[in-house]
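Visitor: Here it is, the structure in full.
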Amino acid sequence: MNRARAFLILGVLMLASRSASAAPTAFAAALDERWDYAAPAVSEQRFRQELARWPDDTPQALEIETQIARAQGLQRRFGDATATLARVERRLDGMPSHVRVRYLLERGRVFNSAGAPEKAVPLFAAALELAECEGDAFYAIDAAHMMGIAGPAAEHLEWNLKAIAMTERAPDARSKRWLSSLYNNVGWTYDERGESARALDHFRKALTAWEARGGDDNIRIARWAVAHGLRRTGELDEAERIQNALRAEHERNGTVDGYVFEELAEIHLARGKADDARPWFEKAYAALHDDASLQVNEPARL
């Protein structure tokens with residue numbers, strides 16, 4: 001074969017490879033835009049509407065079903081999520097690696113949310129290895145970030161810092177969107193270790209990243225985390241100012257955030273004013289006592 005012919009074929013193969021990788025990435029990005037993580041039941045219906053557009057044996061159908069399973073898991077319908085993923089697993093043969101990565105991620109998330117992180121970790125590790133082999137930066141970061149949640153507590157910081165490094169190296173803007181969540185996770189890891197100043201620094205970085213990314217609800221949560229960090233470092237006046245501003249925003253929007261009430265109570269308690277704290281704790285309990293995640297994961301906090 002002459003050199004010109006060889007280069008022509010090589011060029012076609014490279015173009016085909018780029019097209020093949022670009023197509024699932026574009027579909028995955030469009031699919032993820034349908035998420036409202038605060039309303040998983042609404043998200044599930046959106047995914048079901050999208051699923052109706054695709055034949056059952058297509059990669060798109062399987063990828064959508066992984067997100068239906070995730071929405072079911074967020075509603076704590078773990079049996080439904082497991083059944084959905086079992087249907088996906090039976091059809092994985094011959095599917096693109098990208099679909100398998102998303103299956104592994106969601107299977108791991110269901111185990112983790114159901115209280116079995118030891119079953120989740122091998123799935124996240126497999127998703128990370130496969131995504132890195134495929135050059136799928138966004139989901140490789142997702143897998144590393146989940147290792148920083150489900151893995152042994154002693155490894156949380158290491159995994160989150162690794163995920164941040166992966167994000168900073170990533171060439172695409174979509175992957176860099178992970179920074180907001182990762183800074184937040186590192187902040188909470190430091191907070192749990194009692195390293196309050198470092199925690200506050202990362203909460204502030206997360207807020208800056210969320211402000212650049214957009215999304216009012218996420219920005220409010222990031223502001224709340226900064227105020228939490230300020231309380232933990234003894235900057236009570238500024239912490240109270242931010243929490244009161246958040247409380248006023250929720251009142252204007254007709255919404256309630258029990259975690260804001262809880263922080264206002266903690267601020268009064270930190271000042272040694274238990275009588276002033278008590279009404280805020282009552283408000284916090286009234287708003288949060290039916291929260292399934294707190295009931296399962298933090299009953300002592302309730």
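Visitor: What nm value, rounded to one decimal, do you get for the distance between R53 and L302 when each label is placed 7 Å out toward the C-beta?
Guide: That separation, rounded to one decimal, is 4.0 nm.
Visitor: Does region 119-234 come out rounded, prolate or oblate by the C-alpha gyration tensor, with a ≥ b ≥ c the root eigenvalues, rounded set by a/c under 1.5 and, if not, prolate when a/b is larger than b/c and oblate if not?
Guide: Because a/c hits 1.5 or more and a/b fails to exceed b/c, region 119-234 counts as oblate.
Visitor: If you don't mind, there's one more thing I want to ask. Over region 159-302, what lengths in whole Å, largest first, do the semi-axes of the equivalent ellipsoid take, defined as the square roots of 5 times the eigenvalues of the alpha-carbon gyration tensor?
Guide: Each semi-axis is the square root of five times an eigenvalue, giving 28, 17, 15 Å.
Visitor: Same structure again: Can you check what the net charge comes to around E211, using other residues whose Cβ is under 12 Å from the Cβ of E211 (Lys, Arg +1; Asp, Glu -1)?
Guide: Numbers: positive: R204, K205, R213, R220, R223; negative: D216.
With Lys, Arg at +1 and Asp, Glu at -1, the net is +4.
Visitor: Can you work out ³J(HN,Hα) from phi for every residue in region 242-250, in order, using Karplus 6.51 cos²θ - 1.76 cosθ + 1.60 and θ = phi - 60°, giving whole Hz and x for Gly and Pro?
Guide: Once rounded to whole Hz, the list reads 5, 5, 5, 5, 5, 4, 5, 4, 5.
Visitor: Within region 48-150, which trypsin sites (Lys or Arg not before Pro) sit in a loop by DSSP and count at most 12 neighbouring Cβ atoms inside 10 Å?
Guide: Values: sites: R48, R53, R70, R76, R77, R87, R90, R91, R100, R102, R107, R109, K119; in loops: R53, R76, R77, R90, R91.
Counting only loop positions with at most 12 other Cβ atoms within 10 Å, the trypsin sites (Lys or Arg not before Pro) in region 48-150 are R53, R90.
Visitor: Next up: Using the heavy atoms of the protein chains and a 1.4 angstrom probe, tell me the accessible area per residue for region 200-262 in square angstrom.
Guide: Per-residue accessible area for region 200-262 comes out at 51 Å².
Visitor: Still on this structure: Taking the alpha-carbon centroid of each part, what is the distance from region 143-207 to region 99-126 in angstrom?
Guide: So the two Cα centres are separated by 19 Å.
Visitor: Moving on to the next point. Let me see the P(r) profile for region 261-302: every Cα-Cα distance counted, bins of 10 Å, each bin given as a percent of all pairs.
Guide: For region 261-302, the pair-distance distribution reads 33, 45, 21, 1.
Visitor: With a 1.4 Å probe and every protein chain kept in, tell me what percent of the accessible surface of region 17-145 is carbon plus sulfur.
Guide: On the way: 3120 of 5910 Å².
Carbon and sulfur together cover 53 percent of it.
Visitor: Now, a different point. Taking the Cα centre of region 254-302 as origin and charging only Cβ (+1 Lys, Arg; -1 Asp, Glu), how large is the dipole, in debye to the nearest 20?
Guide: Once rounded to the nearest 20, the dipole reads 160 debye.
Visitor: Specify, per residue and in Å³, the volume enclosed by the convex hull of the alpha carbon atoms belonging to the chain.
Guide: 156
Visitor: How charged is the neighbourhood of A277? Take every other residue with its Cβ under 13 Å from the Cβ of A277, and add Lys/Arg as +1 and Asp/Glu as -1.
Guide: Result for the local shell: -2.
Visitor: Sticking with this structure for a sec: Using all alpha carbons of region 45-145, what is the percent of pairwise distances in each 10 Å bin, ordered from the shortest bin to the longest?
Guide: Pair shares across the bins are 17, 49, 31, 2.
Visitor: Counting only protein heavy atoms and a 1.4 Å probe, tell me what percentage of region 155-224's accessible area is made up of carbon and sulfur. Walk me through the intermediate numbers first.
Guide: Working: 1780 of 3590 Å².
For region 155-224, the apolar C and S fraction of the accessible surface comes to 50 percent.
Visitor: Next up: Suppose every Lys and Arg Cβ carries +1 and every Asp and Glu Cβ carries -1, with no other charges. What dipole size does the chain come out with about its Cα centre, to the nearest 20 debye?
Guide: Here the size comes out at about 840 debye.
The values are calculated or read from the model by the stated rules, or taken from the named source; none is laboratory data. All of these numbers come straight from a predicted model, not from anything done at the bench. Quick reminder, even Gly has a Cβ in these numbers, built from the backbone with ideal geometry, and neighbours come from all protein chains shown. Surface areas here come from the heavy atoms of the whole protein model, side chains and all, with no ligands, DNA or RNA. Shrake-Rupley method; radii C 1.70, N 1.55, O 1.52, S 1.80 Å.
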